[in-house]
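The values are calculated or read from the model by the stated rules, or taken from the named source; none is laboratory data. On a predicted model such as this, the values are computed, not experimentally measured, just so you know. Here Cβ is always computed from backbone atoms with ideal geometry, including for glycine, and neighbour counts include all displayed protein chains. The accessibility values were calculated without ligands, DNA or RNA, using every heavy atom of the protein model including side chains. Shrake-Rupley method; radii C 1.70, N 1.55, O 1.52, S 1.80 Å.
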Amino acid sequence: EVAGPRLRAALEDIPAYLPGRPAAARADGRAVYKLSSNENPYPPLPGVLEAAVGAAGAFNRYPDLAAGELLAELSGHFGVPVSHLATGTGSVGVAQQLLQATAGPGDEVVYAWRSFEAYPIITQISGATSVRVPLTAGEEHDLDAMADAVTDRTRLVFVCTPNNPTGTAIGHAALSRFLDRVPSDVLVVIDEAYREFVRDDAAADGLALYRDRPNVCVLRTFSKAYGLAGLRVGFAVAHEPVAAALRKTAVPFGVSQIAQNAAIASLRAEPALLERVAALVTERTRVADALREQGWPVPDSQANFVWLRLGADTARFAAACEEAGVTVRPFAGEGVRITVAEPEANDVVLATAAAFRTSAQ
Ligand code: PMP
């Protein structure tokens with residue numbers, strides 16, 4: 001037998017990144033809804049679609065390597081210098097670049113758990129060791145325990161706010177105090193993938209926190225509020241050395257011109273997109289309130305999803321949703337994360353949750 005190539009041992013037990021399951025068509029023709037990936041349920045705005053299609057006619061050419069026009073637009077939009085910005089292939093791509101830039105074998109990466117499932121995967125790929133700090137009983141980051149978990153070996157800390165999958169947001173003052181406790185040579189990544197859905201005025205604002213902290217990097221994405229999940233554009237805001245490291249670790253041409261143009265058009269169409277975000281936030285309140293009325297303990301979500309801690313009932317609840325035509329995201333033995341989408345989809349969730357509670361009692 002011919003030996004295959006030697007692959008790094010670190011890759012052996014890496015779990016696969018699981019995409020949210022698609023909603024399977026039903027024999028009875030009833031509507032099905034995919035609520036498993038925190039996507040935006042609204043189709044592209046006509047102007048954004050036009051911008052994307054406009055770029056498609058030239059895809060025999062490489063995109064703008066530096067994403068100059070997009071960075072200029074982001075710079076004006078967020079009031080940060082272009083030199084503090086870097087784009088990447090989704091914010092998960094940027095997160096992976098940050099690990100490449102900071103951590104390797106023997107190093108530690110600290111994050112709350114449960115949180116975004118890509119953190120353990122990309123940490124393991126880097127060769128570094130994950131240090132997971134359990135969420136509090138209230139499903140929030142335990143910032144004191146996280147600060148205590150930082151050692152001489154820590155190179156990067158992920159802070160996810162609002163947290164996927166629990167939806168909980170970290171308070172601004174609390175995050176500021178946490179940052180004061182972390183040594184300034186440790187990179188703290190504030191993952192704000194769901195920032196546009198936040199309505200709690202006391203919630204942390206990464207863009208305000210990064211300004212006088214060279215070791216803080218804010219991650220944002222066009223995938224959620226802006227509805228460009230399929231185009232793969234994320235970006236980071238950080239001081240120059242970190243932004244420069246992101247330019248070095250980028251996969252060349254990793255953000256297509258179609259994606260860049262759609263992102264620029266999205267920023268210009270922000271008022272219309274934020275109206276959609278506002279509608280989803282209204283639905284989030286309706287869903288969370290109705291679930292609480294049914295007796296479910298629902299943590300306060302500042303994102304476009306809600307979290308139900310179901311423990312041993314997780315698989316059964318996910319199956320009941322599937323049966324009703326909605327695909328949710330189960331985390332075995334822990335709970336389900338349900339994306340908030342259009343009212344009809346949310347109604348199916350509420351009816352299913354009510355029936356499940358009745359049958360469980
Ligand atoms: N961060 C968090 C917390 C997320 O939930 C997600 C998407 N599930 C991402 C980052 C990655 O999003 P994208 O790569 O599409 O920008």
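Okay, here's what the table says:
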| quantity | calculated |
| --- | --- |
| Selection count, region 332-361, where residues are assigned to a helix (DSSP H, G or I) and touching a strand residue (DSSP E or B) at 6+ places or on another chain (Cβ under 9 Å) | 7 |
| Output for region 235-270, where each listed residue is out of contact with any helix residue (DSSP H, G or I) (no Cβ under 7 Å at 6 or more places or on another chain), within 16 Å of the ligand (Cβ to nearest atom) and open to solvent by less than 40 Å² (accessible area, probe 1.4 Å) | Val255 |
| Region 114-130 - residue that is without any contact (Cβ under 8 Å) to a residue 60 or more places away in the chain and open to solvent by 40 Å² or more (accessible area, probe 1.4 Å) and, of those, farthest from the ligand (Cβ to nearest atom) | Thr129 |
| Subset of region 206-224 (residues that are away from the ligand (no atom under 16 Å from the Cβ) and among the small types (Gly, Ala, Ser)) | Ala208 |
| Filtered residues of region 43-67 (kept if away from the ligand (no atom under 16 Å from the Cβ) and over 22 Å from Phe253 (Cβ atoms)) | Pro43, Leu45, Pro46, Gly47, Leu49, Glu50 |
